[in-house]
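Structure incoming, see below.
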Amino acid sequence: MVGLPFDCLANPLGAVRLTFEKAVTSGTDPATFDGRDWGAIDLFREFLFDKGGLSKVPILDHENVRWIEPNSLVRFRGMVQDMLGNEFYVGAFKDGSTWRTNKFTDVASFPMGSSSEVKVWERRLLYCIPVPAQNSWTQAIHSETVVNRYKNQTSQHGEKRHREDDAAVDHMDSTASEHEFQGSPPLSKKMCEGTLPSWTQESASNSSKLSMIPDFDQSSLPCLVKIYDLLESDLKLNDVFDFVGVFTFNPELAVHMDESDEFSNGVCEDALVHLPPSKVPRLHCFIHRKLGVHDFLHSPPITEPTPHLVRGIRESLLGHLTAILGNDGVAAHCMVLHLLSKVHARVDTVAVGKLSLNLTGFTKESASIFGNQLNLAIQNLLPFTRSIPLTVEYLNSASIAPRKDYQTDRLVTGVLQLAEGTHLTIDETQLKAGTLNSIGVENVRLLKNLMEWQKVDYDFEYYKMEMTSDVQILIFSEGKSNILPADLVLPFRPSAMSSCENKGTEVLQAWRWYLTTLRSMPHSIEPEMQKAIEDDLVAARQANRSLGSQDFSRWLAMARLMSASFGESCLSLEHWQMVKELERQRRERLG
Amino acid sequence: MASDSSPIHNGGPSSPDDSYSSPIDNTFSSPGDANSRRRRRRSSTASGYATPPPQHSRFAATDATPTPSSTQSRRGRRAARATPVATPTSTDEAPPSSEGGEGDEHDEAPPMFVWGTNISVQDVNAAILRFLRHFRDHPSQAEGKYMRAIHHILEVEGESLDVDAHDVFDYDSDLYNKMVRYPLEVLAIFDIVLMDMASRIKPLFEKHIQARIFNLKTSTSMRNLNPSDIEKMVSVKGMIIRCSSIIPEIREAIFRCLICGYYSDPIVVDRGRINEPTRCERQECLAKNSMTLVHNRCRFADKQIVRLQETPDEIPEGGTPHTVSLLMHDKLVDAGKPGDRVEATGIYRAMSVRVGPTQRTVKSLFKTYIDCLHLKKTDKSRMQAEDPMELENGSGDKDEDAPLDYQDKVEQLKELAKQPDIYERLTRSLAPNIWELDDVKKGLLCQLFGGNALKLLSGASFRGDINILLVGDPGTSKSQLLQYIHKLSPRGIYTSGRGSSAVGLTAYVTKDPETGETVLESGALVLSDRGICCIDEFDKMSDNARSMLHEVMEQQTVSIAKAGIIASLNARTSVLACANPSGSRYNPRLSVIDNIHLPPTLLSRFDLIYLILDKADEQTDRRLAKHIVALHFENPESLEQDVLDISTLTAYVSYARRHIRPELSDEAAEELTRGYVEMRRRGNFPGSSKKVITATARQIESLIRLSEALARIRFSQWVEKRDVEEAFRLLEVALQQSATDHSTGTIDMDLITTGVSASERMRRENLLLATRNIIMEKMQLGGSSTRLLELLEELKKQSSGEVHMNDLRNALATLAGEGFVVVHGDSIKRI
């Protein structure tokens, strides 16, 4: 068995068990495996990254969930929407004289006699959903691979099943340990007579499974990810991850859940009851990786971003935005800076680096023309975008903050539960005079807090919990929005109505790359430059007493973004001057 | 076994005492009776094994504990059999160590050990007995603490003995460790010992007494409960979020034969199951499948499942709260309700989940819960008695920690208070990213701490709250200060004058849309009772609304007479208002009154009125510029200053408000009198053209409040002289800023009906004169300009007293107003 590694793709659990047995036979006490790996993760790491197996792993989404074999290796990209706490399970147990492991599975692979020695380990449960407000173009690539994969699978389906059969039979005598993991009909032969009748029958009825799978809403396939051996601080709510692990999906298990006895019902009355395995697939995670916005681009990153290249992209993007904004160059400049903004640090309550933009001077008509065009353009440029039409009815009815529902013990998501780097457009032109009820007032407060501090209060009924967020906010309004005070207020002055030509994907990709990559550029400022800026600020304040720390803060944020927009990590005097010029033009319009 | 004592028969929430007087009780033996009688009967026949193992009676019986059940029952049996062996008399005088009892064991039965350990049952038994008999709170007490408690329980026919785990630890740490590590076994023995003692003291006492352990040495965070804690005694803190309905759990079942009417013996639950007899036991009948459950003769116990969630302060950043289930039995049912903060002590248990009810196969999962032994409500009143709405204030929650943490915290705060520079340090910590304005911050600090409210026997009351008004140019971070105070204060309400109506601030009467009843709704001021009501844009407030404030600010009540409701509501709130000058920027040529269109009657109700003017000071601007540049381009962490974080600050303030009630020392009272008299006298300053009312009773009240607040800042029980002096200084600084007539450069008391030094005015006039003279002497008409500093030097040479830059500036401003000089930044030119 040494020479033949398991098919990591189709039978990852086999590989897990193999490494476990190896580790045990080499004399390690299974008790020491609590909270650490015995070599299985290394095996997968090697398979996925060194041998390039990652590209072969199917990505789990609403389309292919019904095609992916249970107990095979899958990949899931999602945002941690809720954390369901820890789960204790029998990590290792003694079956007769041999140690077995249950790590990475839901159901004991072997009957566990009540007298067997057991080791209880724990794992964390995360409820993950596809990143909210994700634009369709980010998924295009997945869909492609999925489709390919799916085609391969369907074409090979019969054949593959056959091979597994053979394999199982082949190994049955030599390794008593293997057959359970196939997760396909052969194992029932042996198990039926024994202790797992119903379970095996269910898995045997693989063919009938398709009809039982509930239809997943477009782009809303949730996944319950079980994470092993991980420090608490590594994962945060609203983080986006790429998980690779064993996929399990047992629609049949649900049937029994309802009938379990009263006592366990009472105690287990938690989130899991409301997330039966029949509705939500499980993923036992081997490897996870935190994703940033840039991971959602599918063009290979430009390897050597030369300043020249960056400048070129900047110019073309600026041109594009100017066209969309009806030849308003100042607005286009502000828009570029806005799209590059990101919270870099937090000092006390101040979120440094954010730059929310308020384009004023919209009327109903111009909002419908330019607003929509801009919305579309932004959707094409950024991976995660969402827009909120701000009306009194919406404010009075929407639940925009996540809320804990103690009946189901779940965090109910809200509009403002967004991944880092999401773009939010708020259209205030539709807001009419009206009365806000208590929900409306609360919602306005939430939006304002988000604007000012980049924080959202999650409602835990008995208390509020503040969660930090990093959302770029763009507001369209008629006059300066007083409900939502933006950092940068700019009266919008379109001069021409230009048709928005469709850009080629290559250009689009370059822009996307530009916006996502330059956003996280490091930044520094030379002491001389610091001095120069300080002098400028002091002079400006001496000249105009109405300038305050907020204005200065905005200038510096703009300076940073301006220099980032040229792909430079060090602020130069030239860029500082550009910011001042931009600010001057802006003030002119305001005045 | 011994612990199976629930006396509640019908599963309802009736108290045990009720059930004793109920007629049913006569018909059916009380469960505890039945159990103990049976126990005694059986132990007398030396067949202890027949008693139900303790786990199955005291703790929810499930056969799915991770430890194989066979061993458990064996354990239980051993523990049970140990009872007659370890007679208290034999070990009575043994030294207080559980190992010490070894000598006795030879005489008795062979030593028994708790399964899988080297803990001897007899030892534990003896140790518990010693503990109960001999533990004393204080050596002087004649009788042990728990002996008294047991006697008390026997008297009131109670059923549980609360045992402080700290006591156990102090008396016998070895026993404590055993108890925490093997709670199932040790508690079973504990209960047996208690039973024996009870029956010895009062032979006829037939109820069970359970030991309820609480106050463990260490409390586990819910987040850190892990598999190694299973079957251990743990203590977790949290907030109850949900209580299930009460579940009657069957403990003993009685069956009746449908054919002959024969009643079976009570059948006790065995591992969560009742074995239904398949045939009638009466020899004459023996009918098969005829037995039916007689519900109202069965014995039920109450059970409830409670979800406990982590308190917000334990949740790490970016995490969601963890929850754990608590299983409550009998008396503990309904001991807490959702929203309560509790500390639960219990045994952490795990139960495996089955794939299906009919299958023996289990999923490899465990559900965990805590078998609750004791539930203690965390006392909220300790720090937040005044601030019951502290919940919103996350930082305040830390104060509700266990006594130990709480004590630590208090010690820390006291330590902090001892620092000589605490006043300055707190000032620095208040809104650290707002520059300068130190005197304003000091005033705000006083407002946060507040003075003592006084209620005389005659019914007159004096408010302790300090009201502050900030007036100033836009962009001078007034609103930020307000926001900051709002966040800090225990019960702050933040409102904007523009949107507030009189009723919105005070209270209003509405009709309930559903019932049509009239309801009194509280406004912002009432809601911030005992807090600070922050009113932004005070000047934009309608006159009507403002006039409502008169009553609130002095009488601290809101009176309503409307729609048949006549009420007076408490509004003991400090008002922190900020206003913009009427012409967007402060016009120094106009008086304060003209600048802010507020009636003097209202103004006089503010203890401190600060003018925050935007001074064209390059130094300040540079600091601001430096700060902002650093904020954006340097590592923000390096900006940290020596300031208290907001949670410490909140804790400090709430502790002081709650616990420190400073009183005036004689010395301070004298100083107050002296200062006040002087202030009054200044109004009669000879030579002043008109007599000004300088100080009124309001001022002295303000001063007392301020000095009390200052004493509180130092956690001092006495208001000392220096507090009074600082209070005078604060008041003068505030008045100097607000009561200066900028057209003359003097303070004029008539601006605000109250006043400060006419002597100050004299001083200023003298200074003005001196300045004028110097300028006349040194400077040519239309000649070259002189620098401000030079002028100051010159002045200092001439006059005997101290001359401040500010005084000079004021004087020059007056001169400029007269058209005598022109002031350009730093340089002065005569024209």
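Based on what the data block shows, is A:Lys432 part of a loop (DSSP other than H, G, I, E, B) and either closer than 23 Å to A:Leu224 by Cβ or not assigned by the TED database to the domain that holds A:Gln550 (or both)?
Yes.
Give me the residue from segment B:224-246 that is at pLDDT 80 or above and touching a helix residue (DSSP H, G or I) at 6+ places or on another chain (Cβ under 7 Å) and, out of that set, farthest from the other protein chains (Cβ to nearest Cβ).
Here the residue is B:Met233.
One line per residue, one yes/no per condition, for (1) in the same structural domain as B:Gly319 (by the TED database); (2) part of a helix (DSSP H, G or I); (3) under 30 Å from A:Val120 (Cβ atoms):
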| site | (1), (2), (3) |
| --- | --- |
| B:Asp167 | no, yes, no |
| B:Asp174 | no, yes, yes |
| B:Asn177 | no, yes, yes |
| B:Arg200 | no, yes, no |
| B:Leu204 | no, no, no |
| B:His208 | no, no, no |
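So, one more: Can you confirm whether A:Phe88 is within 14 Å of another protein chain (Cβ to nearest Cβ), modelled with pLDDT of 80 or more and over 25 Å from A:Lys290 (Cβ atoms)?
Considered against the rule, which asks whether it is within 14 Å of another protein chain (Cβ to nearest Cβ), modelled with pLDDT of 80 or more and over 25 Å from A:Lys290 (Cβ atoms), A:Phe88 comes out as yes.
Moving to a separate point now. Go through (1) over 30 Å from B:Met239 (Cβ atoms); (2) touching a Leu at 6+ places or on another chain (Cβ under 8 Å) and name the single condition B:Val306 misses.
Unmet for B:Val306, out of (1) over 30 Å from B:Met239 (Cβ atoms); (2) touching a Leu at 6+ places or on another chain (Cβ under 8 Å): (1).
Across segment B:210-229, what is the total count of residues that are in a loop (DSSP other than H, G, I, E, B) and over 26 Å from the mean Cα position of the chain (by Cα)?
Adding up the residues that qualify gives 1.
Looking at segment A:316-343 only, could you name the residues that are over 16 Å from A:Tyr514 (Cβ atoms), within 14 Å of chain B (Cβ to nearest Cβ) and touching a helix residue (DSSP H, G or I) at 6+ places or on another chain (Cβ under 8 Å)?
Of everything in segment A:316-343, nothing turns out to be over 16 Å from A:Tyr514 (Cβ atoms), within 14 Å of chain B (Cβ to nearest Cβ) and touching a helix residue (DSSP H, G or I) at 6+ places or on another chain (Cβ under 8 Å).
Among the residues of segment B:230-248, are any more than 30 Å from A:Asp229 (Cα to Cα), over 32 Å from the mean Cα position of the chain (by Cα) and either touching a residue at least 60 places away in the same chain (Cβ under 8 Å) or not in a strand (DSSP E or B) (or both)?
Yes; the residues of segment B:230-248 include at least one that is more than 30 Å from A:Asp229 (Cα to Cα), over 32 Å from the mean Cα position of the chain (by Cα) and either touching a residue at least 60 places away in the same chain (Cβ under 8 Å) or not in a strand (DSSP E or B) (or both).
Shifting gears a bit: Among the residues that make up segment A:397-416, is at least one of them within 21 Å of the chain's Cα centre (by Cα), at pLDDT 85 or above, within 22 Å of A:Gly353 (Cα to Cα) and in a loop (DSSP other than H, G, I, E, B)?
Yes, some residue in segment A:397-416 is within 21 Å of the chain's Cα centre (by Cα), at pLDDT 85 or above, within 22 Å of A:Gly353 (Cα to Cα) and in a loop (DSSP other than H, G, I, E, B).
Looking at (1) surrounded by fewer than 19 Cβ atoms within 10 Å (Cβ to Cβ); (2) more than 14 Å from chain A (Cβ to nearest Cβ); (3) over 29 Å from B:Val156 (Cα atoms); (4) not polar (S, T, N, Q), can you tell me which one B:Phe214 breaks?
(3)
Here is a further query. Tell me, which strands (runs of 3 or more DSSP E) lie completely within segment A:447-525 with 1 or more residues that are within 12 Å of chain B (Cβ to nearest Cβ)?
The strands (runs of 3 or more DSSP E) meeting that bar are A:455-459, A:464-468.
Yes or no, residue by residue, for (1) under 18 Å from the mean Cα position of the chain (by Cα); (2) assigned to a helix (DSSP H, G or I); (3) within 19 Å of A:Thr138 (Cβ to Cβ):
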{"residue": "A:Leu43", "(1), (2), (3)": "no, yes, no"}
{"residue": "A:Leu48", "(1), (2), (3)": "no, yes, no"}
{"residue": "A:Ser55", "(1), (2), (3)": "no, yes, yes"}
{"residue": "A:His62", "(1), (2), (3)": "yes, no, yes"}
{"residue": "A:Arg66", "(1), (2), (3)": "no, no, no"}
{"residue": "A:Pro70", "(1), (2), (3)": "no, no, no"}
{"residue": "A:Val74", "(1), (2), (3)": "yes, no, yes"}
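Inspect all residues belonging to segment A:576-590 and state whether any of them is part of a helix (DSSP H, G or I) and within 13 Å of chain B (Cβ to nearest Cβ).
Yes: one or more hits.
Specify which of the listed residues (A:Leu291, A:Leu376) is out of contact with any helix residue (DSSP H, G or I) (no Cβ under 7 Å at 6 or more places or on another chain) and surrounded by fewer than 16 Cβ atoms within 10 Å (Cβ to Cβ).
A:Leu376
To continue, here is another question. Kindly indicate the residue of segment B:324-348 that is under 18 Å from the mean Cα position of the chain (by Cα) and among the acidic types (Asp, Glu) and also farthest from the other protein chains (Cβ to nearest Cβ) among those meeting that condition.
In this case the residue turns out to be B:Glu343.
Another question about this same structure. Out of the residues in segment B:283-323 that are of a type in the set (Asp, Glu) and either within 13 Å of chain A (Cβ to nearest Cβ) or surrounded by 18 or more Cβ atoms within 10 Å (Cβ to Cβ) (or both), which is farthest from B:Ile259 (Cα to Cα)?
B:Glu317
Do you know which residues across segment B:260-282 are loosely packed, with under 15 Cβ neighbours inside 10 Å and part of a loop (DSSP other than H, G, I, E, B)?
B:Cys260, B:Gly261, B:Asp265, B:Asn275, B:Glu276, B:Thr278, B:Glu281
Now, a different point. Can you work out which of the residues in segment A:417-429 that are under 26 Å from the mean Cα position of the chain (by Cα) and either part of a strand (DSSP E or B) or more than 24 Å from A:Leu126 (Cβ to Cβ) (or both) is farthest from the other protein chains (Cβ to nearest Cβ)?
That would be A:Thr425.
Could you tell me how many of the residues in segment A:540-556 are under 17 Å from A:Val489 (Cβ atoms) and more than 7 Å from every other protein chain (Cβ to nearest Cβ)?
Looking only at that region, the number is 6.
The values are calculated or read from the model by the stated rules, or taken from the named source; none is laboratory data. A quick note: this is a predicted structure, and the numbers were derived from the prediction, not measured. A quick note on method: Cβ atoms are made from the backbone with ideal geometry, for glycine too, and the neighbour counts reach across all protein chains shown.
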